[in-house]
Amino acid sequence: MAEEPLLRMEGICKSFHGVHALRGVRLDVRRGEVHSLVGENGAGKSTLMRILGGAVTLDEGTITLRGRGQVFRAPKDAEAAGVAMIHQELSLVPPMSVAENVFLGREPRTRLGFVDYAAMREHSEALLAELGTPCDVTRPAEAYSIATQQMVEVAKALGREADLIVMDEPTSALAEAEAERLFEVIRRLRGRGVSVVYISHKMEEIYAISDRVTVLRDGEWIGTAPVGELPQERLIEWMVGRKIEQLFPKHAAEPGAELLRVDGLCVDTADGSGRRAVDGASLTLRAGEIVGLAGLRGSGCSELLGALFGRYGRVAAGSVAIRGRPVSITRPAEAIANGIALLTNDRKTTGLVLSMSVLHNATLASLSRAGPPGCVLRDRELALAQPFMDMLSVRTASVDAEVSALSGGNQQKVALAKWLMTEPSVLLLDEPTRGIDVGAKAEIYELMNTLVAQGKGILLITSELPELLAMSDRILVMHRGRMTAELNRDEATQERIMAAAMEA
Amino acid sequence: MDELRPGTEGPGSSSLARRALALAGEYRGPVALVVVLVVGILIGGRTPDGRPVFLTGSTHVSVFFEYAEYGILAAGMTLVILTGGIDLSVGSVLGLSSVIFAILTLGCGWSSQWAALAAAGVGAVCGLINGILISRLRFQPFVATLAMMVVARGLAKQVTGHRKIAPALDPWYHVRSLSEMPPIYKGMMSPLAKHGIAVTVLVVPALIIVAAAFFRYTVTGRALDARLFGSSPAGRTARATLSIGAWAIALGLTVWGLAPYLQPASFLFVSSLLLMALVVKVTRFGRHLYAIGGNEEAARLSGVPVARSKVLAYVLCGLFSGLAGIVTTCRLQLGNPEAGATYELDAIAAVVIGGTSLMGGRGSVALTLVGALIMGYANKILSNIQIHGQFLQDGAKLLAKGMIIVLAVLVQEARRRRA
Ligand SMILES: Nc1ncnc2c1ncn2[C@@H]1O[C@H](COP(=O)(O)OP(=O)(O)OP(=O)(O)O)[C@@H](O)[C@H]1O
Ligand SMILES: [Mg+2]
């Protein structure tokens, strides 16, 4: 028999309110191995890892770490045993400084017993520099973009000097270059003998980084194999239980009338510095068109979508016309009334009301159609929501379950359902497939095709360049708030996009 | 979609007990209320002929009556707390509207309808100011309503010149003696009707409730429901008409049956809470409150009129404070500028004991009714208990009340943590 693995989980079962999330799952992780854990949304990946991290207690099964049986009752037990976690949803304390977040719960002390802020600053700066994200660690975490916050989250785990690090979709908010830096760190960790459990829905990443893969489906263990022996088609088949013909189905639609025209749009940054987050952006979107927006962090793509949706109030300059009619949208409610929908890139903080049920989230933007004026009737709500729940195959125990109990990907589907329900003509999609599994991704892209075929227009931001290239009819590239290139479908390549995104 | 996936049902034998437990867990508030009632029957004192006082109708009547103002305040407070806010000014606003009602009726000789309208209006204006400070000028709810708490109390003292408003207080007062006081002063505090039909009509509402539960929660009932009405639009309309009709009859008979026993003050208490429970459950405004309390930014981005909904919540809270002020004036038979001090704490306690989260976004007004009744009955027990033939003193009562609050919140929290 080979050497005893660092971690062995066996026969893990867990159910929530009678719904089985895990049924006899096993996982073993060797020392110095990067082990990917993959599966559809709701397959139970995060639950398995939360059991390992002590955040959820298991119903049945055993955990053996370094040959010793373990019972984790609380996160601190797991931490003490050398397991560090990067949870799927950001878990920083927003108003606390980056340094304080990195050292949360294990602050270094001076000899007098006070918190040693100097040491904290120094160490967290070093950690973040190692991750290639130098930043002012004394500023509050909330001052930074999600991508940076994600890196802070990674630094927090690294700082624990654990020998097993779990990363639950760490790259879902990262651009390619940032993800690449994270991979370098992971490789270095592996060189030091640290093991990593890596969860991602991005196939390229799985193949780029992992040694072995374990696949879960519907809470069951499907298989474990060295990544080299598992071609992508097989892996996907294991995950979704059937073959997927085309990952990025793209039907060319005939562009129709102009839906949206933006001229010289300017948006100030929120920090009051007078800098422009978007600086003179112009674009047109026609019915039946998918226009991709590409740019690095801070390029202003997301802010452009937000401004079109009235998120920041009155824009600093510029004009917007819908179907040739000039409009001035200063509130999201006006945008919705004008047939615009914005799927934000962070479902937890801006996309969903986590304390409300699946049904209530789904209908939140369409309540005016859910009953007589001013009222909401449950029957009408169900009738409104059901087709979208079915179309997106949202996996939930009941539509009355709190949306926070859904797996990340299913939460994303609920957010998407909310916007499709408003019957928009212009969809602004900021990372629509963030955290969504391959099967559902293909479905969502298929859905985008259907939508544009019905004469809607889509502005799409995605950090996955292959998706952007495959789905967009045109691609606009932004750099520091300015449009730097417009590429047609046949002239767009990863290199040209990156070149335009890096320099004005 | 509405049901669990297959494989979710437990094994048959022990599942009944488990389901009963789960149901009890779900409805902790009502269960706690039942526990309080049982405790009341056991130790809540006895009548001279030896029966537990908690088995006499008059005890229950008096609980509703004595707790009326707190319950009315709690109705508005729940709306505000659902948005993640708080209103500390309700007690002071109650005091202000109380003296305004007294001055207008006793001093200026206004008819009680107009005076009531004005007093409630004053409450609503205070709420409006709170709402504007909070939603437009971005004050913290705690700070804005703390300021209003001080200002309203100051105003109440200023307009009365630090005196209690009673007949013939000043030479110009219209009402010169107790016997000339407008009828509302007596009416608010005496049973709605002199004679009524027997309480036994309450059997009908009870049957209607049982029938509703049967159709909603049992498998047979659901099947029967589906067979009778189906899902065609006509069937749905028929079902809706029938159920609204049944509830209206239930409500009407309840009021009718209780009229000879309950005072208007108690009716105001229960109907404020029931009305707001309905508003929160079936209106868009109600849904917006939950969304705002759960995640204000996500709500705004979904087109929820955040500022307008918040302002309305505070206005309603102020309006209920005004109503409670009128009740207090009638109860005291005078306008006291000190009335309502610390009432905000009882109102908040009722909301929290019901299980509504102070963080906002979770809870309901129906739960607040339960919370208010738990508080009301607990108060009753505490004032009825005798130890060595002695009633409890105020200090001991307060201690016990504090512990009840802590206990109730612990029970609610346990549910959340388990989930
Ligand atoms: N706290 C909870 N209460 C109820 N159900 C839960 C809870 N946590 C998870 N579940 C359910 O367990 C199942 C597995 O969820 P989990 O989050 O582990 O999925 P996942 O594989 O991480 O999916 P994703 O890729 O979308 O993140 C889902 O069906 C989910 O609804
Ligand atoms: Mg997950």
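Across chain B, the mean sequence separation of Cα contacts (distance under 8 Å, 6 or more residues apart), normalised by length, yields a relative contact order of 33 percent. Protection proxy ranking for B:337-350, B:217-230, A:360-373, using the average of other Cβ atoms within 10 Å per residue and placing the highest first: B:337-350, A:360-373, B:217-230.
Per-residue Cβ neighbour counts within 10 Å put B:TRP110, A:TRP221, A:TRP419 in the sequence B:TRP110, A:TRP221, A:TRP419, beginning with the fewest. Annotation: the residues B:LEU392, A:LEU359, B:LEU399, A:LEU27, sorted from fewest to most other C-beta atoms within 10 Å of their own C-beta, follow the order B:LEU399, B:LEU392, A:LEU27, A:LEU359.
Taking GluC sites (Glu not before Pro) across the range A:430-504, the ones in a DSSP loop with at most 13 further Cβ atoms lying within 10 angstrom of their Cβ are A:GLU491, A:GLU503. Across all C-alpha atoms in the range B:188-336, the radius of gyration and Dmax reach 20.3, 60 Å. With neighbour counts taken as other beta-carbon atoms within 10 Å, the residues B:TRP114, A:TRP238 rank, fewest first, as B:TRP114, A:TRP238.
Among the listed pairs A:LYS14/A:LYS76; A:LYS45/B:LYS310; A:LYS45/A:LYS418; A:LYS243/A:LYS413; A:LYS348/B:LYS310; A:LYS14/B:LYS401, which have their C-alpha atoms separated by more than 29 angstrom in this model? Beyond 29 Å between Cα atoms: A:LYS45/B:LYS310; A:LYS14/B:LYS401.
For the segment B:279-289, counting C-beta atoms of other chains within 10 Å of every residue's C-beta and taking the mean gives 4.
Highest-first packing order for the peptide set B:122-132, B:142-152 is B:122-132, B:142-152, based on the mean count of other beta carbon atoms within 10 Å. Computed about its Cα centre, the charge dipole of the range B:100-225 is approximately 280 debye, with only Lys, Arg, Asp and Glu carrying charge at their Cβ.
Taken over the Cα atoms of chain A, the convex hull encloses 162 Å³ per residue. The angle between the Cα long axis of helix B:306-332 and the longest principal axis of the Cα atoms of chain B comes to about 60 degrees, rounded to the nearest 10.
Computed per residue of chain A from DSSP H runs no shorter than four, each worth -39500 (n - 2.57), the mean residue ellipticity at 222 nm is -9000 deg cm²/dmol. In the elastic network of chain B, a GNM with C-alpha springs shorter than 10 Å, the most mobile of B:LYS194, B:LYS401, B:LYS380 is B:LYS194. With the charge dipole of the protein assembly as shown set up from +1 on Lys and Arg Cβ and -1 on Asp and Glu Cβ about the Cα centre, the Cα lying farthest toward the positive end among the listed residues B:VAL279, B:PHE229, B:GLN393 is that of B:GLN393. Structure note, pairs B:LYS164/B:LYS194; A:LYS250/A:LYS456; B:LYS186/B:LYS380; A:LYS202/A:LYS456: Cα-Cα distances above 20 angstrom occur for B:LYS164/B:LYS194; B:LYS186/B:LYS380; A:LYS202/A:LYS456.
Its residue count N fixes a reference of 2.2 N^0.38 Å for the range A:71-217, and the Cα radius of gyration divided by that reference is 1.05. Look at the alpha carbon pairs under 8 Å that are at least 6 residues apart: their mean separation over the length of the range A:7-240 gives a relative contact order of 29 percent.
Efficiency by 1/(1 + (r/R0)^6): what FRET value for A:SER368 and A:PHE114, r their Cβ-Cβ distance, R0 = 41 Å, to the nearest 0.05?
0.15
A simple packing score, the average count of other Cβ atoms within 10 Å per residue, orders the peptides A:40-50, A:286-296 as A:40-50, A:286-296, with the highest score first. Here the contact order of chain A, divided by its residue count and restricted to Cα pairs under 8 Å and six or more residues apart, works out to 16 percent. To the nearest 20 debye, what charge dipole does the protein assembly as shown have about its Cα centre, counting +1 at the Cβ of each Lys and Arg and -1 at the Cβ of each Asp and Glu? Magnitude of the dipole: close to 2880 debye. Sparsely packed loop sites in the range A:40-133 (the chymotrypsin sites (Phe, Trp or Tyr not before Pro) outside DSSP H, G, I, E and B with at most 12 other Cβ atoms within 10 Å) comprise A:PHE114.
How shielded is A:364-377 by partner chains, expressed as the average number of their Cβ atoms within 10 Å of its Cβ atoms? If you can, show how the numbers build up before the last one.
Details: counts 11, 5, 2, 9, 2, 0, 2, 3, 1, 2, 6, 8, 7, 3.
Mean inter-chain Cβ contacts per residue within 10 Å come to 4.
Normalised Debye scattering of chain B at q = 0.09, 0.12 Å⁻¹ gives log10 I(q)/I(0) of -0.64, -1.13, counting only Cα atoms as equal scatterers and leaving out solvent. Tilt of helix B:90-102 relative to the longest C-alpha principal axis of chain B, in degrees (0 to 90, nearest 10)? Once rounded, the angle reads 50 degrees. GNM remark for chain B: springs join alpha carbons under 10 Å apart, and the peak mean-square fluctuation among B:PRO30, B:PRO205, B:PRO260 falls on B:PRO205. The alpha carbons of the protein assembly as shown give a radius of gyration and a Dmax of 31.5, 105 Å, in that order. Largest GNM mean-square fluctuation among B:VAL90, B:VAL255, B:VAL315, using chain B with Cα springs under 10 Å: B:VAL255.
Peptide A:325-338 is shielded by partner chain Cβ atoms: per residue, an average of 2 of them sit within 10 Å of its Cβ.
Relative to the longest principal axis of the Cα atoms of chain B, the long axis of helix B:219-229 lies at roughly 80 degrees.
Every read-out reported here was derived from the displayed coordinates using simple, explicitly stated rules and does not represent laboratory data. Just so it is clear, the structure is predicted and the values come from calculations on it, not from any experiment. Methodologically, a virtual Cβ is constructed for each residue, glycine included, from the backbone with ideal geometry; neighbour enumeration extends over all protein chains shown.
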